[in-house]
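Accompanying notes for the structure given below.
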Amino acid sequence: MDTGFLDAIRGQEAAVSALKTALQQQRISHAWRFCGPPGCGKETVARELARHLLLADDAAGKVFFDQGGHPDLMLVEVPENKTLIGVEQIAREMNPWLFNRPARAQRRVVIIREADRLSIPAANALLKTLEEPPDYAVIILISEQDGMLDTIISRCQNLRFIALNDDSVCQLLIQRDIAPDTAREVAQAAAGNMQSALALAASNKLAEYKEHSVALCGALASGQYIEVFKAAEALEKDPLLLNFIEMTLRDFYLYRHKGGAAALMLPELTPHYDQWPYNRRTGALDALRELNRLRSYYQSSANKTLLAVNVAWTIHHVFY
C-alpha cells in the first residue's frame with residue numbers, strides 16, 4: 001500500500017514509521033489511538049490517514065473530502081459550550097451511522113477529537129462498538145492525555161506523538177511563507193505546538209507579547225498580591241501569553257545561575273533580570289516544571305479561571 005502521503009509529516013518519525021509499516025503490511029486496525037501534546041501533528045496525521053483510506057478506491061471523492069462533506073467520514077468532538085463528549089453523540093449519532101454500509105468508499109472513518117474527554121457513558125458506548133466493529137469501520141481516537149478507560153486503550157493500535165522541536169516548527173512555518181527570522185522566533189515561543197506557532201505568526205504581535213510578558217513578570221516581582229489576580233485575568237484572556245512568560249522565566253533562570261546572555265532566547269531583557277528578586281527556595285526551574293504540568297490542563301474541562309490563578313501564583317513564587 002502506498003504510504004507516500006505521510007512523507008510530508010515532520011518531527012514524528014517514530015509514529016509515522018509505525019503507521020507506514022502497518023499500512024504496508026495491510027494491518028489496518030479498526031481502532032487507532034493517536035496520543036500526544038497539543039499542536040504536535042496528530043490531528044493532521046489522522047486526517048491524512050482518513051483521506052488515504054477513503055480515496056484509495058474513489059479518487060472522485062476528493063472534492064467531497066476537501067469540502068468537508070464526504071459521506072463516509074464523521075468527526076466527533078466536544079460540543080460548543082460543553083466540557084465532555086456526551087453519550088448521545090456516540091450511541092445515537094456515531095454508532096447508527098457507523099453500522100450503515102459506506103455510501104461511496106470502501107470504508108467508513110470516524111475521527112474522535114479530544115477522546116480523553118468522553119463522558120463515562122459515552123466511553124462505555126464506544127467500548128461496545130470497539131469490541132465488535134463493522135469490518136469496514138476505522139475509528140481514530142485523538143487524545144492529549146492518558147485519561148481514558150484501559151479497556152478502550154487496549155482495543156486500539158496506539159501511536160505516541162511527541163512535541164515538535166523548534167527546527168521542525170520553523171521549517172513548517174517557512175513552508176507557509178513565514179520569513180525565516182520570524183519563523184525561528186515564533187518556533188522558540190511556540191514550545192513545540194504548531195497550532196500556537198501559526199496563531200502567533202498570524203497575530204504579528206511578537207513584540208507586543210514580549211512587552212506584555214515583561215510587564216506581567218515585573219508586576220509579579222513587585223510582591224503585591226493584587227498583581228497575581230491581574231496576571232490571572234490576562235492569562236485567562238490570552239493563554240498564548242504563557243508561552244512568552246515561560247521563555248522569560250527560562251532566561252531568568254539561566255541568567256541567575258549561569259550568568260551572561262549567550263544562551264538566552266531574549267537577551268535584551270537582562271536589565272530586568274538584575275532588578276527582579278529571586279526565590280531560591282522555590283526557583284524558576286521548579287516553576288517551569290509546574291507550569292508545564294498546568295499547561296496540560298488547558299485542553300481539559302478544568303475551570304479556566306482557577307487554572308489561570310494557579311499559573312499566576314506559580315509565576316509569583318519564582319520571585320517570592
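Below is a table of values for the structure above.
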| quantity | calculated |
| --- | --- |
| Estimated FRET transfer efficiency when R0 is 30 angstrom, pair residue 99-residue 62 (beta carbons, to 0.05) | 0.70 |
| Accessible area expressed per residue, segment 168-260, with surrounding protein chains retained (probe 1.4 Å, Å²) | 47 |
| Value of [θ]222 nm, deg cm²/dmol, for the chain, DSSP H segments ≥ 4, -39500 (n - 2.57) each, nearest 500 | -15000 deg cm²/dmol |
| Separation in nanometres of the label points that stand 7 Å from Cα toward Cβ, at residue 230 and residue 280 | 3.0 |
| Cα-based shape type of segment 181-320, given that a ≥ b ≥ c are square roots of the gyration tensor eigenvalues and the cut on a/c is 1.5 | oblate |
| Reachable lysines, given that their alpha-carbon falls under 25 Å from the alpha-carbon of residue 20 and they are not under 8 places away in the same chain | 42, 62 |
| Protection-proxy order for peptides 38-45, 119-126, each taking the mean of Cβ atoms within 10 Å per residue, highest first | 38-45, 119-126 |
| The chain, accessible surface, carbon-and-sulfur percent (1.4 angstrom probe) | 49 |
| Cα Rg, Dmax, the chain, angstrom units | 22.4, 68 |
| Solvent-accessible heavy-atom area per residue, rounded to whole Å², over segment 1-123 at 1.4 Å | 48 |
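The values are calculated or read from the model by the stated rules, or taken from the named source; none is laboratory data. Bear in mind the structure is a predicted one, so any value in this text is a computation, not a measurement. Don't worry about glycine lacking a Cβ; one is built from the backbone with ideal geometry, like all the others, and counts go over all protein chains shown. Heads up: the accessible areas ignore ligands, DNA and RNA and are worked out on the full protein's heavy atoms, side chains in. Shrake-Rupley method; radii C 1.70, N 1.55, O 1.52, S 1.80 Å.
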